[in-house]
Structures are given as structure tokens and as C-alpha cells.
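What follows is a set of notes on a single structure, which appears directly below.
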């Protein structure tokens, strides 16, 4: 799960730097696979570790991340108008990947989640 999210970030940087359309399309396909697999794994872990009586509430809160995605989209849009779309995508992807690596290092118990 953590590796999938980190790979996702690295691939977005590659996509942002790519000027060759076939490479961009291939990278986007792999990004999609990373996104779907990591999202499914996160939902599975949340449901596995949630008590049965709280699973519905827990998943409802998890799906509130759509609001965060909307805010992130607005941030990317604003940053894109300031510095350009490729640079905005790459810089935010690097920040996200560094946050994931930071969580991996700071929370060793997270590595034990299966």
C-alpha cells in the first residue's frame, strides 16, 4: 500500500516531465493502476481494523476524502496558473511522496498493517 502510493508520486513526476505522448499515456495507465490498487487496499485495511458496528460510519468518513480531493484540485489549479501545470503537478507529487515516506519512517507500526 505504501509502496503503491510512493510509486504513484514518482510516476506523476515522470508524467509531468514527459514530452512524448506515448510515454505519457503508458505512465498514466500505470498511475491509474497504482491509484486503484492503493485505494482498494486502504479501504480493506480500514474495514478490517474497524469494529463491525462502526464500519459504515468509518467508511462514510473515509469517503469524505472527496472534499480533500476537491481542495487539492483547487490548489493544483491555482499553482498551475502561477508556475505552470507540469511544475505544479511535479512539485505537489513530490510533496505527497515525501509525506508518505515521512509517515513510513515516523510510524513504524504502520509497516505492520496487513
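The values are calculated or read from the model by the stated rules, or taken from the named source; none is laboratory data. Since the model is a prediction, treat every value here as computed from it, not as a measurement. In this analysis, Cβ positions are derived from the backbone assuming ideal geometry, glycine residues included, and neighbour counts consider all displayed protein chains.
One table, with the values for the structure above:
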quantity	calculated
Filter pass, residue 9 being under 17 Å from residue 94 (Cβ atoms) and either within 13 Å of the chain's Cα centre (by Cα) or at pLDDT below 90 (or both)	yes
Pick from region 34-54, criterion surrounded by 14 or more Cβ atoms within 10 Å (Cβ to Cβ) and free of Cβ contacts under 8 Å to residues at least 12 places away in the same chain, ranking: farthest from residue 2 (Cα to Cα)	50
Given (1) surrounded by fewer than 15 Cβ atoms within 10 Å (Cβ to Cβ); (2) under 14 Å from the mean Cα position of the chain (by Cα); (3) modelled with pLDDT of 90 or more, index of the condition residue 74 fails	(2)
Residues of region 99-113 that turn out to be touching a helix residue (DSSP H, G or I) at 6+ places or on another chain (Cβ under 8 Å) and either surrounded by 12 or more Cβ atoms within 10 Å (Cβ to Cβ) or not in a helix (DSSP H, G or I) (or both), as a count	6
Residue list for region 42-63, filter: part of a loop (DSSP other than H, G, I, E, B) and more than 15 Å from the chain's Cα centre (by Cα)	50, 51
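Matching residues to (1) at pLDDT below 85; (2) out of contact with any helix residue (DSSP H, G or I) (no Cβ under 9 Å at 6 or more places or on another chain):
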site	(1), (2)
5	yes, no
13	no, no
17	no, no
23	no, no
27	no, no
33	no, no
52	no, yes
62	yes, no
